Amino acid sequence: MGDSMSVVLVENETLPVAVPARRTAFQTGRPARASAMTSTVPRELVHRAAVAEVFLTGWSRTAENRFALTAQWPRAHSYFTPVNGCYDPLLASETIRQVGTLLSHAEFGVSFGDQFLMWDLHHSVRPEQAGVGAAPADLELDVICSDIRRRGRRLAGMRYEVTLYCGGQVIATGGAAFDCTSPAVYQRLRGDRVGATGVRPLPQPLAPASVGRFLTTDVVLSATERPLEWQLRVDEQHPVLFDHPVDHVPGMVLMESARQAAQAIDPSRPFLPTTMRSEFSRYAELDRPCWIQAEPLPAADNGDRQVRVTGHQDDTTVFSCLIGTRGAAE
C-alpha cells in the first residue's frame, strides 16, 4: 500500500497542505531513506509558531497504540547548541514533547483549541551515539502510548514512551505524560491568569559561560544572596523559549533552568545533561518570582553526577528535576 495522506483540520479550517503519513523502517524492516524526510510536519501539530523550531518530519500508525515517526536535528541551532561535540540533550526532550502534541491532534482527535497540561517529561541520551556529524541527524522514533484516558469521546490524557534511533542505533529514550482540557475548562482553571505577563524589569543574568551558554539573552538564571539558589529569569521575548505567547512559564524553560543550575554549581566542568526526569506539579506564573534551588548528590564510583533541582513560587513547589551527567563528560 502506498503512503496515505492525512488532511489536518486547524480550528475548523483545513490546512493548505496535505500531510503524508510517511512509511518508516519500522514498517519496511530496512533503513528509512533520507528522501522520505523532505519537509517538517505542520507547525500547528507541535504547537510552534516558527517552522524552524519543528523537528518532526512524518508519522504513521503501526499498531493500535504504537506509532513510527521521523525527525531531523540540525547540525547547528540558535539555542540548542552542541555540548562537547554532542547534540544538546534537551533537543531530545523537545522532540519528545512534540511527539505528544502531534499524535494527540493527528491520531487521537484533540481539537486545536484544547490545552495540554504536562505532568512529567524525561530523556536519557547516549552521548556516544549523539555526536554532531557531517550531515543533520535523521531520526526514527518508535512511540508506544499507554494509560490512554478519555472523557466521553474526548482524549483526557495519556502517557507515552519514545525510543529515538539514528543510523539504526539507539540515540536516546524518553517519554512524557499529559492531560488535555477544553478551552472552557482551561479558562475556569486559569481565571484571570490568562493573558498575564512577566516580571519587569528582568533580573540581571548570570555570566553566560557560568551556565554553559554563549549569549546573555539565553541565560534563564539570576543570582541571589543564597548559595545554590537563583531567581528564574523569564524573558518572554526569547524567540525559542517563548516561540509564541503563553500565560505561564513553559516546561522547557523550567528544564533549561535545571540544566543551567546544574552547570552553575561548577562552571569549570561541562555538564552534559544525559539524563533528565522532570515533574511539573503546578503552573509557574509569569508575574511572580520563581526560585530555583540545586542540590548536588554524591557522585557515583564511575564519576557520574546527579543534581536535584526544584522550583518554588509563593513557597510552593512548581517543578522538580533529577538531572545527571556521565563522568566521561567532565
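The values are calculated or read from the model by the stated rules, or taken from the named source; none is laboratory data. From a predicted model like this one, the values you see are computed outputs, not experimental measurements. With ideal geometry, Cβ positions are generated from the backbone for all residues, glycine too; neighbour counts draw on all protein chains shown.
Of note:
Residue-wise test of (1) crowded, with 21+ Cβ neighbours inside 10 Å; (2) in contact (Cβ under 8 Å) with a residue 24 or more places away in the chain; (3) out of contact with any Leu (no Cβ under 9 Å at 6 or more places or on another chain).
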residue	(1), (2), (3)
145	yes, yes, no
150	no, no, yes
174	yes, yes, no
188	no, no, yes
209	no, yes, yes
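- Against the test of being closer than 16 Å to residue 155 by Cβ and buried (at least 21 other Cβ atoms within 10 Å of the Cβ), the options 113, 100 yield a single qualifying residue, 100.
- Within the range 116-130, the residues that satisfy the criterion of being surrounded by 17 or more Cβ atoms within 10 Å (Cβ to Cβ) and of a type in the set (A, V, I, L, M, F, W, C) are 116, 118, 121, 125, 130.
- Count of residues meeting criterion [of a type in the set (Gly, Ala, Ser) and at pLDDT below 95] in the range 110-129: 2
- Long-range neighbours under 6 Å by Cβ, at least six apart or interchain, first residue closer than 15 Å to residue 133 by Cβ within the range 61-82, second of a type in the set (Ser, Thr, Tyr): 72/57; 73/87
- When the criteria are applied in full, residue 271 fails the requirement of being modelled with pLDDT of 95 or more, aromatic (Phe, Trp, Tyr), touching a helix residue (DSSP H, G or I) at 6+ places or on another chain (Cβ under 7 Å) and not assigned by TED's automatic domain parsing to the domain that holds residue 172.
So that you can scan it fast, the table gives a plain yes or no per residue for (1) assigned by TED's automatic domain parsing to the domain that holds residue 267; (2) closer than 25 Å to residue 270 by Cα; (3) basic (Lys, Arg); (4) surrounded by 14 or more Cβ atoms within 10 Å (Cβ to Cβ):
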position	(1), (2), (3), (4)
162	no, no, no, yes
171	no, yes, no, yes
206	yes, yes, no, yes
212	yes, yes, no, yes
218	yes, yes, no, yes
224	yes, yes, no, yes
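- Of the residues examined, residue 264 is one that is under 26 Å from residue 174 (Cα atoms) and either aliphatic (A, V, I, L, M) or out of contact with any strand residue (DSSP E or B) (no Cβ under 8 Å at 6 or more places or on another chain) (or both).
- Residue within the range 115-131 that is within 22 Å of residue 81 (Cβ to Cβ), β-branched (Val, Ile, Thr) and in a helix (DSSP H, G or I) present: no
- Here residue 140 does not qualify as in a helix (DSSP H, G or I), of a type outside the set (Ser, Thr, Tyr) and either more than 16 Å from the chain's Cα centre (by Cα) or surrounded by fewer than 16 Cβ atoms within 10 Å (Cβ to Cβ) (or both).
- Members of the range 278-330 found to be modelled with pLDDT of 95 or more, among the aliphatic types (A, V, I, L, M), more than 26 Å from residue 236 (Cα to Cα) and over 20 Å from the mean Cα position of the chain (by Cα), listed by number: 297
- Restricting the range 232-244 to residues that are under 17 Å from the mean Cα position of the chain (by Cα) and over 15 Å from residue 284 (Cα atoms) leaves a set whose member that is surrounded by the fewest Cβ atoms within 10 Å (Cβ to Cβ) is 244.
- Subset of the range 272-293 [among the aliphatic types (A, V, I, L, M) and over 19 Å from residue 304 (Cα atoms)]: 284, 286, 292
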